Amino acid sequence: MAGPTASVSDTLLLGQWALSAGENADANRLRFQELRTFPLNEYCRPAACLHAAIPRGHSRSAPRGSAADPLWQRIASHTGPEELDITADLDRFAERVDAAPESAWLDEHMQGGLRHLLVATSLPFLLPMGLHHVEAWNEVYSSGERGPARAWLGERLRRAVDLEHWAAFQKSFQDVARWATEVADGKRGPAPASVTFLSGDVHFSYVSEVEGENGSRILQAVCSPIRNPLPRFMRYFAAALALGPAVPFGAWMARSAHVPDPPFRWNGIKGPWFDNNLATLEDTEDGLVISWVTGVVEHRDHLHPSLETVEVAVIEPREG
């Protein structure tokens, strides 16, 4: 990872994301409070979620409630130069948690009093708005509320183009949107500088932000894919849904199915792009710095690839 060297206790690798406390890691550590997977309602497939907090103070203590956790102990005690692979541990952990759903956990942990609140979910919470509206419309049709013929059509469309993100589970989406807004408005403790959702899975990368002038910035940052780029025609489809003209049409579709409006609007501020890439998120004095890099092979030397920056986003806190 480019940039300052950080120990494993200062950096967490999460899928295609690397989270770092930055240059002042010794004085200002990331505090990873919990790592859990859970289904958000009985209709939604389990989503892997990380709750991470960058505290306001200078804390070197173990994560709250995690000091005795074997997985945390393994992460915190790792000192070798090689990367620590905990894939199998997380898979077993996910199976245990999925067997005992705890959807109230995220509600409990969406709290302020931090510099930044990070919520990592495998599927983006905020899709491009045009696609969000289409998925919300499809949920109604696939559910059978409009009759078996439309349910048949909606379900086949859902499977054909993977319309199965947060927008397709409106109860869960509305709940989490409300919690995020309450954090941003300072109703769950002092408002952090940002509430940032970190995701992948959709095969294109972007950054979106909720419209607003006060409180925390609410953002969605996506890094995807690692090595499975979209076919070219799907790139055009995804780009079209990320652009303005697709939003009113998608909104019309959602309203025709009587889908409640989202509690806020959001817009893309970076992207989309379709490179194979990895992302790093670094906490700095200027705010969160998010960088996307891709591998480049020169002179057919596949054993010694280099990294090339795809995009950089600096998320500065709001003034006042």
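One residue alone among ARG92, ARG36 is modelled with pLDDT under 85, outside any loop (DSSP other than H, G, I, E, B) and touching a helix residue (DSSP H, G or I) at 6+ places or on another chain (Cβ under 7 Å), and that residue is ARG36.
Touching a residue at least 12 places away in the same chain (Cβ under 8 Å) and on the phi > 0 side of the Ramachandran plot: which single residue out of GLY200, GLY215 fits that description?
The unique qualifying residue is GLY215.
Only residues that are under 16 Å from THR294 (Cα atoms) and polar (S, T, N, Q) were counted across region 197-221, and they come to 1. In this entry, PRO272 is excluded by the filter for residues that are surrounded by fewer than 17 Cβ atoms within 10 Å (Cβ to Cβ) and within 30 Å of GLU135 (Cα to Cα).
From the list ALA221, ALA254, pick out the single residue that is aliphatic (A, V, I, L, M), open to solvent by less than 40 Å² (accessible area, probe 1.4 Å) and assigned to a helix (DSSP H, G or I).
On the way: ALA221 fails: assigned to a helix (DSSP H, G or I).
Exactly one of ALA221, ALA254 is aliphatic (A, V, I, L, M), open to solvent by less than 40 Å² (accessible area, probe 1.4 Å) and assigned to a helix (DSSP H, G or I), namely ALA254.
Among the helices (runs of 4 or more DSSP H) confined to region 113-218, the ones with at least 1 residues that are among the aliphatic types (A, V, I, L, M) and under 14 Å from TRP266 (Cα atoms) are located at 129-142, 170-184. Scanning region 286-319 for residues that are open to solvent by 40 Å² or more (accessible area, probe 1.4 Å), touching a residue at least 12 places away in the same chain (Cβ under 8 Å) and more than 15 Å from ALA221 (Cβ to Cβ) yields ASP286, GLY295, LEU307, GLU308, THR309, PRO317, ARG318.
The values are calculated or read from the model by the stated rules, or taken from the named source; none is laboratory data. Note that the structure is predicted; figures quoted are calculated from it, not measured. Neighbour counts run over all protein chains shown; Cβ positions are idealised from the backbone, glycine included. We work out accessible area using only protein heavy atoms, side chains counted, and drop any ligands, DNA or RNA first. Shrake-Rupley method; radii C 1.70, N 1.55, O 1.52, S 1.80 Å.
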